1. Scanning region 16-62 for residues that are among the polar types (S, T, N, Q) and open to solvent by 60 Å² or more (accessible area, probe 1.4 Å), which turns out modelled with the highest pLDDT?
2. Condition check: open to solvent by 40 Å² or more (accessible area, probe 1.4 Å), at pLDDT 95 or above and over 23 Å from residue 44 (Cβ atoms). Does residue 130 satisfy that?
3. Go through region 150-164 and give me each residue that's in a loop (DSSP other than H, G, I, E, B) and either of a type in the set (D, E, K, R) or touching a strand residue (DSSP E or B) at 6+ places or on another chain (Cβ under 9 Å) (or both).
4. Condition check: open to solvent by 10 Å² or more (accessible area, probe 1.4 Å), among the small types (Gly, Ala, Ser) and part of a strand (DSSP E or B). Does residue 65 satisfy that?
5. Residue 163 versus (1) touching a Phe, Trp or Tyr at 6+ places or on another chain (Cβ under 7 Å); (2) of a type outside the set (Asp, Glu); (3) within 14 Å of residue 42 (Cβ to Cβ): which is the lone unmet condition?
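The values are calculated or read from the model by the stated rules, or taken from the named source; none is laboratory data. Everything numeric in this text was worked out from a predicted model, so none of it was measured. All Cβ positions, even for glycine, are placed from backbone atoms using ideal geometry, and neighbour counts span all protein chains on display. Heads up: the accessible areas ignore ligands, DNA and RNA and are worked out on the full protein's heavy atoms, side chains in. Shrake-Rupley method; radii C 1.70, N 1.55, O 1.52, S 1.80 Å.
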Amino acid sequence: MTRLIRSLSSAGTPRAPRASGTSGTSGTAPGSQATGFTYPDVGATRSPATLPDGYHHLRHRTPIGHGRDVFEAAGAAVTTWRMHRASGARVHTEAARAEPGVRLTVAVGAGPLEYGVPCEVVWTAYEERRTGFAYGTLTGHPESGEESFVVELRPDGSVWFTLTAFSRPGRWYTRAAGPLVPVLQRRYARRLGRTLRKAVRD
């Protein structure tokens, strides 16, 4: 979504880091009203087949490779922010990896031209065949919704990356952008998939 943000605004948003040290499969229960989030359906990306109504839905899958080594490398790249950073985004947070409650700012640009959007990790999955996390939008984000980034090791040994999101405009300029917003979101999802595939091969 950082490409969308760069296209729509040049204003800045303060950084808002907060670290958390929990691990395992955990997070906010779907539909709970968590403080600071800009949407009511917090945690809904845990069930990607049944995303909430009233939002634009995005589901994008990318084949990454084959085997446990690829799965572990891809999972680490996703949950330690390396995928996002390699795609061109700046991730500002004090946390070394994704855990529920971690706050981060995802930004583009640099110096006085940097523009960042605040998010908070909603849930994480550190499982035998599934690794990833989701973050939700906080006050100051131009969109309202949630996005998950999950790596899966399937029974046939193939490794897949899935981005799932639901969102709706949160500012006048994202409302004004209309149908351009989903196009940019899909483009960003494809970029992340390509970036992750390259990262595990390097």
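1. Across region 16-62, the extreme among qualifying residues is 50.
2. No.
3. Going residue by residue through region 150-164, those that are in a loop (DSSP other than H, G, I, E, B) are 154-157.
Within region 150-164, 154, 156, 157 meet the criteria.
4. For residue 65, the condition - open to solvent by 10 Å² or more (accessible area, probe 1.4 Å), among the small types (Gly, Ala, Ser) and part of a strand (DSSP E or B) - is met.
5. Looking at each condition in turn, residue 163 falls short on (3).
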